[in-house]
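See below for the structure under consideration.
What follows draws every value from the coordinates through simple rules; no lab data is involved. Remember, it's a predicted structure, so these values are computed and weren't measured experimentally. Note that each Cβ is placed from the backbone with ideal geometry, even for glycine, and that neighbours are counted across all protein chains shown.
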Amino acid sequence: MKDCLFCKIINGDIPSEKVYEDEEILAFKDIQPAAPIHILVIPKKHIDSLANIEEDDEKIIGKIYMVINKIAEDQQFKDKGYRVIVNCGKDGGQEVMHLHFHLLAGKPLGEKIVG
Ligand code: 5GP
Ligand code: ZN
């Protein structure tokens, strides 16, 4: 989608440090890491927010979690643990309106918000 930052990263108009890519999913390093490992995992299809997923998107969202586990395994932090966060909408703190999963790891992640 025109004027979407992450679509521009997908099509290469904006450079990124890619971690994983296939025909449906891209993972790249967050520009302002909140942990030693901070990766954004996104569908290549433009979906603006978790709030607006459709029935057809079920499969890609499941696949994103599989990719997250593959990255955790490849980068050898699967055993130590990691955190996955999706910010949704204004109160959720979402700034980029292209669905993305924050994958955080590499240190004890501190305060839990839930649980
Ligand atoms: P949100 O706040 O929408 O959940 O997360 C957006 C994330 O995108 C932030 O963690 C921010 O650091 C990251 N980000 C914003 N602009 C860029 C960019 O141009 N390149 C990369 N790699 N990450 C970005
Ligand atoms: Zn987009």
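Which of Val67, Gly115, Leu26 sits farthest toward the positive end of the charge dipole of the chain, with +1 on the Cβ of Lys and Arg and -1 on the Cβ of Asp and Glu? The listed residue farthest towards the positive side: Gly115. Remark: region 18-35, residue by residue, has Karplus-estimated 3J(HN,Hα) of 6, 10, 7, 8, 9, 5, 10, 9, 10, 10, 8, 6, 5, 5, 10, x, 9, 7 Hz, where x stands for each Gly or Pro and the curve is 6.51 cos²θ - 1.76 cosθ + 1.60 at θ = phi - 60°. When you filter the GluC sites (Glu not before Pro) in region 40-109 for DSSP loop state and at most 15 other Cβ atoms inside 10 Å of their Cβ, you are left with Glu54, Glu95. Can you bin region 48-89 into rounded, prolate or oblate? Criterion: square roots of the alpha carbon gyration tensor eigenvalues sorted a ≥ b ≥ c, rounded for a/c under 1.5, prolate for a/b above b/c, oblate for the rest. Oblate, since a/c reaches 1.5 and b/c is not below a/b.
Take the cross-link list Lys18/Lys45; Lys2/Lys44; Lys59/Lys80; Lys2/Lys90; Lys2/Lys29 and give me the ones stretching past 19 Å between alpha-carbons. Cα-Cα > 19 Å for Lys59/Lys80; Lys2/Lys90; Lys2/Lys29; rest within.
What angle, in degrees between 0 and 90 and rounded to the nearest 10, separates the Cα long axis of helix 58-74 from the longest principal axis of the Cα atoms of the chain? It works out to around 40 degrees. Counting only Cβ charges, +1 for Lys and Arg and -1 for Asp and Glu, the dipole size of the chain around its Cα centre is about 440 debye.
So, R0 is 25 Å and r is the distance between the beta-carbons of Glu54 and Lys2; what FRET efficiency does that work out to, to 0.05?
On the way: r = 21 Å, r/R0 = 0.83.
E between Glu54 and Lys2, to the nearest 0.05, is 0.75.
The local environment of Gly89, defined by Cβ-Cβ distances under 13 Å, has a net charge of -2 under the rule Lys, Arg +1 and Asp, Glu -1. Isolated cysteines of the chain, defined as having no other cysteine beta carbon under 4.7 Å away, are Cys88.
Please give me, ordered by residue number, the GluC sites (Glu not before Pro) of region 11-52 that lie in loop per DSSP and have at most 14 other Cβ atoms within 10 Å. Walk me through the intermediate numbers first.
Working: sites: Glu17, Glu21, Glu23, Glu24; in loops: Glu17, Glu23, Glu24.
Loop-located and lightly packed - Glu17, Glu23, Glu24.
Two numbers describe the Cα atoms of the chain: Rg and Dmax, which are 13.8, 40 Å.
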